[in-house]
Amino acid sequence: MRRVEFRLTDAGVPQYRYVSGEGSEKMLLDWSNLGMETEQTSLCSGFSFISTCERSEAFSTTSRDTTWETVWGEERFIRDHHNEMTVSLRHSSGVLMNIVFRIFDDGMAFRYVFPEQECKDIVIIDELTEYRFAADHEAWSIPWRTEYYEGLWTKAPLSEKHDTLCSPLTLKLSDGGYAFLHEAALTDYPAENFYIKDGAVRLYLTPWLDLNGVETPFKAYLKTPFQTPWRMLILTRTLPELVASRIMLNLNEPCAIADTEWIRPTKFMGIWWGMHMKSMTWEQGLKHGATTENMERYMRFAKEHGINAVLAEGWNKGWEDWKNFEFTTPYDDWDMDYLSRLSDSLGVQIIGHNETGGNAASYERDLDSIYRYHAANGIHVIKTGYVAPIIRTMDGLQWNKGQSGVRHYRKVIETAAKYHIAIDNHEPVMPTGLQRTYPNLMSQEGVRGQEWNAWSADGGSPCEHVTVLPFTRIMAGPVDYTPGVFAFENPVMPNTRVHSTLMNQLGLFVCFYSPLQMACDLPENYMKHPNAFAFIEQVPCNWERSILVDGEIGEYCIFARQERGGDNWYIGGINADAPREAVIPLSMLEEGKTYHASIWRDGEEADWQTNPYDYEIDNAYVATGDTLRIRMASGGGFAVSLTQIN
Ligand code: NOJ
C-alpha cells in the first residue's frame, strides 16, 4: 500500500510526501514543497488549515472504482481506481487554495484548486511544486527549448541534468523500478518544464514573452475559480506496468462530445514523403505533389490496398512564402469538387492539411469558415501545422506551449468538433490526455519524427531513438511519427537515411500507438516489397488490449496488441544497434484456440547499414503456451499477425 502524507510546516509551508508501506516503509518522495508565487502575493508559506479547531476538518477524502470505455485507444476499457484527498488551506493574505491529491495503485497526482473567493485575478509567476526523490535516479529528457519537442532524448542521472527540461521525464529508479513524471488535463495554463535544484525536481512553467520575444516573469493569467493541470507521477516496479498505466487518461474529464460515431481510427497514406525527400514540392510548379492527378493515383492505390484515407499537403495556396496560407482556396491544379466526389465513390477519405506557418491568430479567427469548407467537401480529418519559419513561436510572439498556445490548441479542438472534424496536430503542446475529453484530438507530433530521416543534417536519427520513444514521448499520448519507409536511400541528401531495416519499419506500426497511423512512403516503393506491405494493409490502429511484452529504454521494445472488437493479435518489435533474440511467450492468446501466425522478420544478413532489405516471412500455427523466438538485427525488428482460426 502506498500513501500520500500532507503537512504544514511551522512556517505554514505546504508539503507532501509519497510513501510505500509494502514490507518495510520506503520513501518514494521525501517531504516536497508546494505553493505558488503570484504577482499579488507569495503563496509559499503562511498557510493554515481552513478549520481553526481541528486539523482533520481541513481534509476530506473519497474513493472511486469505476471502469469507462474509450472511444478509441490502446485499450477498450479503463479502470479508474483511486482515493482522493482534498486539503483546504487559507493563506495569511486571505487567499484560499485547496490541494487535491489522488492516489492510484500505480502512482499519484495532485492539483491546486483556487475556489471562488474575494481575490478575483491571479497572475502566476512560479509554481513551487517539487518532487524530492529519495535517490539520484537515471532520467531521459529533452531540453525545454527543443523546438516543437523534436529532439533526441538523452539519459543521465538527475544530478547531471543541468538544463531545464521538457515534461515528460522518464526515470529508471535506483532500485530497478520506473517512473514517469508529467501533467494531465492541461487546458488554460502553460505547459510545465522541469529543472533540478538541491536534489529536487522543480517546475518551471513556460513563460509569456514580451513584444521583443524576451521571457517575462509571468506564466499564467487566471481568474478564480480555477484549477491547475494535474501533476502526475507514475511509479511502478516494471516497464510493462509503467506503460500500462492509465492514470493520465483517468485524470482527464470524461468525453464532452455526445455523438462520437464520426470519430474513426484509420490508417492513411499521403502526398507527403515526396516533399520531404525533395522529389515533390508543396507549392505549385513542375514537381507539385498535390495535383488532382497525383491525388487520384494515391486514392486509387489506397483503395486497392484497404487503406481508408489519403493526406494531401500543398493542395491550398500560400506555400510560396509560408505566410499567407489560404485554407479554402485550392491551387489551380487541385480540383476539390472532383476529388471530393471521388472520395465519396471510392470510400477513401481525404485528410486535409492546414499549415499555418505559426500564424495562429489569423487561423483561429477563421476557424469556423475553414472547417465549414472542409466539412462541406467531405473532409473530416485535418492535419494542422505551426512551423514558424524564422522565430519558432506562434505569431512571432509566444511559445506554442505557453498559456496562449494551450488556449489556441484547445479552441481548435473544440471548434473542429462542431464540424465533425478530427485533428492531427503538428508542432503541438505536449499531449496530456485531453483526447479523453475530446476524442477528435486524435494524434499529435511533438517528436523528432520520421521526416528527420529524410533531411536532417546529422544524418538521421540513431537506431536507439525509436526504442526510447515508447517510454517517453508516446507515454504522453498518440504520436504521428509516420512509420513505414520502404526505400532508404535519398539521392538529394545521400548522407541522410533511415537507420532501420525494413522489418523495423513494420514493427513501428505496433510499437508506436496512433489512431491515425500513416504509412508514409510512396506507392511505388510499397510495390517493391508487396509481401511486406501486406502487414501494413492488415494491421489495425485501434485496440482492445495492449501489452508491453518486453523492452528496455533505448535498447528494444516489443508490444502485443489485440485488435478492437476482434480475436486477432499483432506483435511488433523494434531494436536499437545490438542484435538480439526476442523471446515472446504467447500467454496472451485465448486458451484452447489455434492461431495462424505470419511472421515478418529480419533475414540472416539483415543489418540497417549494410542490408536493410533482407527479410523472411514465416508461417506457423501457434497457441497459448507457445513461445516465439525472433532474431532482431542491428536497427532491426519484426511484425507478427496472429489470426484465430478455431
Ligand atoms: C512539419 C510537419 O511535421 C510535416 O509533417 C509537414 O509536412 C511540414 N511541417 C509542412 O507542414
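Computed quantities for the displayed model
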read-out: Residue match in segment 272-286 (condition: open to solvent by less than 60 Å² (accessible area, probe 1.4 Å), away from the ligand (no atom under 16 Å from the Cβ) and of a type in the set (S, T, N, Q)); value: no
read-out: The listed residue being out of contact with any Cys (no Cβ under 6 Å at 6 or more places or on another chain) and modelled with pLDDT under 95, out of Asn294, Asn250, Asn324; value: Asn324
read-out: The lone exception for Ile307 - which of (1) among the β-branched types (Val, Ile, Thr); (2) open to solvent by 10 Å² or more (accessible area, probe 1.4 Å); (3) more than 15 Å from the ligand (Cβ to nearest atom) it fails; value: (2)
read-out: Residue match in segment 626-644 (condition: without any contact (Cβ under 8 Å) to a residue 40 or more places away in the chain, surrounded by 14 or more Cβ atoms within 10 Å (Cβ to Cβ) and touching a strand residue (DSSP E or B) at 6+ places or on another chain (Cβ under 8 Å)); value: no
read-out: Selection from segment 591-625 of residues that are of a type in the set (A, V, I, L, M) and either open to solvent by 30 Å² or more (accessible area, probe 1.4 Å) or free of Cβ contacts under 8 Å to residues at least 60 places away in the same chain (or both); value: Ala597, Ile599, Ile617, Ala620, Val622, Ala623
read-out: Inter-residue pairs, beta-carbon under 8 Å, first open to solvent by 30 Å² or more (accessible area, probe 1.4 Å) and in segment 90-116, second acidic (Asp, Glu) and not in a strand (DSSP E or B), 6+ apart; value: Gly94/Glu118; Asp106/Glu241
read-out: Qualifying residue in segment 564-583 (condition: in contact with a Pro (Cβ under 6 Å, 6 or more places away or on another chain), modelled with pLDDT of 95 or more and open to solvent by less than 10 Å² (accessible area, probe 1.4 Å)); value: no
read-out: From Trp455, Trp399, residue being modelled with pLDDT of 95 or more, open to solvent by 30 Å² or more (accessible area, probe 1.4 Å) and within 16 Å of the ligand (Cβ to nearest atom); value: Trp455
read-out: Some residue of segment 90-110 being under 23 Å from Val429 (Cα atoms) and part of a loop (DSSP other than H, G, I, E, B); value: no
read-out: Top-ranked residue of segment 426-452 - restricted to ones that are in a strand (DSSP E or B) and among the aliphatic types (A, V, I, L, M), ranked as surrounded by the most Cβ atoms within 10 Å (Cβ to Cβ); value: Leu441
read-out: Selection within segment 483-512 - open to solvent by less than 10 Å² (accessible area, probe 1.4 Å), in a loop (DSSP other than H, G, I, E, B) and touching an Asp or Glu at 6+ places or on another chain (Cβ under 7 Å); value: Gly484, Val485, Phe486, Thr501
read-out: Segment 363-396, residues that are within 15 Å of the ligand (Cβ to nearest atom) and open to solvent by 60 Å² or more (accessible area, probe 1.4 Å); value: Pro389, Ile390, Arg392
read-out: Some residue of segment 635-646 being at pLDDT below 95 and not aromatic (Phe, Trp, Tyr); value: yes
read-out: Breaking point among (1) closer than 20 Å to Asn542 by Cβ; (2) buried (at least 21 other Cβ atoms within 10 Å of the Cβ); (3) more than 14 Å from the ligand (Cβ to nearest atom), for Val468; value: (1)
read-out: Qualifying residue in segment 520-530 (condition: open to solvent by 10 Å² or more (accessible area, probe 1.4 Å), more than 25 Å from Gly358 (Cα to Cα), modelled with pLDDT of 95 or more and within 16 Å of the ligand (Cβ to nearest atom)); value: yes
read-out: Close pairs (6 angstrom Cβ cut-off, 6 or more residues apart or separate chains): without any contact (Cβ under 8 Å) to a residue 60 or more places away in the chain in segment 354-372, β-branched (Val, Ile, Thr) and assigned to a helix (DSSP H, G or I) anywhere; value: Leu367/Thr415
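Condition check ((1) in a strand (DSSP E or B); (2) among the basic types (Lys, Arg); (3) more than 16 Å from the ligand (Cβ to nearest atom)) across all residues:
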residue	(1), (2), (3)
Asp126	yes, no, yes
Tyr148	no, no, no
Leu171	yes, no, yes
Asp175	no, no, yes
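The values are calculated or read from the model by the stated rules, or taken from the named source; none is laboratory data. All values reported here derive from a predicted model rather than from experimental measurement. Because the Cβ atoms are built from the backbone with ideal geometry, glycine has one as well, and the counts that use them run over all protein chains shown. With ligands, DNA and RNA removed, areas are computed over all heavy atoms of the protein, side chains included. Shrake-Rupley method; radii C 1.70, N 1.55, O 1.52, S 1.80 Å.
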